[in-house]
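Following: one structure in structure tokens, then a few remarks.
The values are calculated or read from the model by the stated rules, or taken from the named source; none is laboratory data. All values derive from a computational prediction rather than experimental measurement. All Cβ positions, glycine included, derive from the backbone under ideal geometry; neighbour counts span all protein chains shown. Only protein heavy atoms, including side chains, enter the accessible area calculation; ligands, DNA and RNA are left aside. Shrake-Rupley method; radii C 1.70, N 1.55, O 1.52, S 1.80 Å.
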Amino acid sequence: VRGEGVWLYDEKGRRYLDGYNNVPSVGHCHPSVVAAVSRQAATLNTHTRYLFENVVDYAERLLATFPGELGNVMFTCSGSESIDLALRIARFVGRGEGVIVTQDAYHGTTTAASEISPSRGTASKGVRAIPAPDAYRQSNAEVSGIFADNVAAAIADLKRAGIKFAAMVVDTVFSSDGFHVDPPGFLKSAAEIVRREGGLLIADEVQGGFGRTGKMWGFQRHGIVPDIVVLGKPMGNGMPIGGVVVRPELLTQFGAKQRYFNTFGGNPICCAAGLAVLEVIEREKLVENARNVGSYLLAGLNKLKDKYQRIGDVRGAGLFVGVEFITDRQTKKPDSATSLRLVNGLREEGILINALGPYRHVLKIRPPLPFSEANADQVVRTIDDLLDRFQA
Ligand SMILES: Cc1ncc(COP(=O)(O)O)c(C=O)c1O
């Protein structure tokens, strides 16, 4: 019924540590965001057919966090709308329909976004789904090459079917694929192939963006600059705002022939929230916090991996950490019984965390960014106690 910082409270006043919520990313009900939203609501709220300053201020502040090549932004109300718009731009500019995604990707809920979301079971004939990179089942040295080969094979398959390749869309942390982030840089070779074949690289930063990975943007871990970047969830700390950041040369072509207007996209209240989020991230050094507390949490969980055979892998980038459960270390067979039992056990102990991946066998720890070392200790200690109890 109430939230504050990294804590949620139920109707009886019981406190839960939120280890899962990346939407109120700078903390539940952050006072600076609340004040900015309230101030704007009492001043002006309309839409972008009328001129107001904070949409421009926000666009400039946001673009300053991106590499110089990504010079334009358009605002939406959700991650799905942003994916939809990114696909429209890529397909218009490239005059193609073919899109490559990963096998268990989730990119949203509109018709176009769900067609590139194999995890939801929908597909279209222009979409090719390839295995996600997986450093736990491949070696670190193999990940980049295998992924690049799969991209090349998918492009060849589109060609054979007479479908022109337009874009590859990747969630930069491969969240619904089971969360795959290592080794940093593995997207580079695949990106080169995409460009060589005339396609665009669309980075979905709905999960990885706004400091989550210990860098402002997930793609920065890979040393690449995408053609289009899709934003959502943490952007307004709970206010519905999304965005599409684009290379200007693409938007010039798109804008000359296509129109885009979104009644609520980029409205003054959402822009006020977005601006406040950027200010809080900077003032409270939340990107550094994600990096530091993230590695602290990772170290604690790695100690548990030495203690419990059922933990096959612990992986993380900043404050997005996955713990993969397996039935035995030889076969690496997914163990969703343990992960799901743990999710419920943790809730009973006052910690909210969920599981992800095709079998939901990977614990997904993705708390608001002001998470502290003491919070991380509580998570590690409680997982340790529960796993110990499960063995008894
Ligand atoms: C990677 C990714 N892309 C896109 C979306 C869609 O965002 P929204 O729910 O805001 O439409 C999600 C939502 O979970 C997501 O995780």
Testing LEU85 on (1) in a helix (DSSP H, G or I); (2) free of Cβ contacts under 8 Å to residues at least 24 places away in the same chain; (3) open to solvent by less than 80 Å² (accessible area, probe 1.4 Å), one condition comes back false. Which one is that? (2)
If you check THR76 against the conditions, is it open to solvent by less than 60 Å² (accessible area, probe 1.4 Å) and within 23 Å of PHE179 (Cα to Cα)? no
Could you list all residues from the stretch 121-154 that are of a type outside the set (Ser, Thr, Tyr), over 16 Å from VAL194 (Cβ atoms) and in contact with a Lys or Arg (Cβ under 8 Å, 6 or more places away or on another chain)? ALA135, ARG137
Within the stretch 91-111, the residues that are of a type in the set (Lys, Arg) and either crowded, with 23+ Cβ neighbours inside 10 Å or not in a loop (DSSP other than H, G, I, E, B) (or both) are ARG91
Single residue of the stretch 55-73 satisfying the filter (assigned to a loop (DSSP other than H, G, I, E, B) and open to solvent by 20 Å² or more (accessible area, probe 1.4 Å)) that is farthest from the ligand (Cβ to nearest atom): GLY68
With the requirement that a residue be touching a strand residue (DSSP E or B) at 6+ places or on another chain (Cβ under 7 Å), open to solvent by 10 Å² or more (accessible area, probe 1.4 Å) and farther than 21 Å from PHE66 by Cα, what does the stretch 155-188 give you? ASP157, ILE163, LYS164, PHE165, SER176, ASP177, ASP182
Take ALA135 and decide whether it is within 27 Å of ALA152 (Cα to Cα), over 19 Å from the mean Cα position of the chain (by Cα) and either outside any helix (DSSP H, G or I) or away from the ligand (no atom under 14 Å from the Cβ) (or both). no
Give the residues of the stretch 237-261 that are in a strand (DSSP E or B) and out of contact with any His (no Cβ under 9 Å at 6 or more places or on another chain), sorted by residue number. MET239, GLY242, GLY243, VAL244, VAL245, VAL246
State whether the residues of the stretch 2-15 include one that is in a loop (DSSP other than H, G, I, E, B) and of a type in the set (Ser, Thr, Tyr). no
Flagged in the stretch 365-390 as open to solvent by 20 Å² or more (accessible area, probe 1.4 Å) and in contact (Cβ under 8 Å) with a residue 60 or more places away in the chain, in numbering order, are PRO370, SER372, GLU373, ASP377, GLN378, VAL380, ASP384
Residue count for the stretch 112-132, restricted to those that are within 11 Å of the ligand (Cβ to nearest atom) and open to solvent by less than 30 Å² (accessible area, probe 1.4 Å): 4
Filter the stretch 192-214 for residues that are small (Gly, Ala, Ser) and assigned to a loop (DSSP other than H, G, I, E, B); which is farthest from the chain's Cα centre (by Cα)? GLY198
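To keep it simple, each residue is scored yes or no on (1) farther than 28 Å from ALA90 by Cα; (2) surrounded by fewer than 23 Cβ atoms within 10 Å (Cβ to Cβ); (3) within 18 Å of the chain's Cα centre (by Cα).
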position	(1), (2), (3)
ALA190	no, no, no
GLN220	no, yes, yes
LEU250	no, yes, no
GLY274	no, no, yes
ARG291	yes, yes, yes
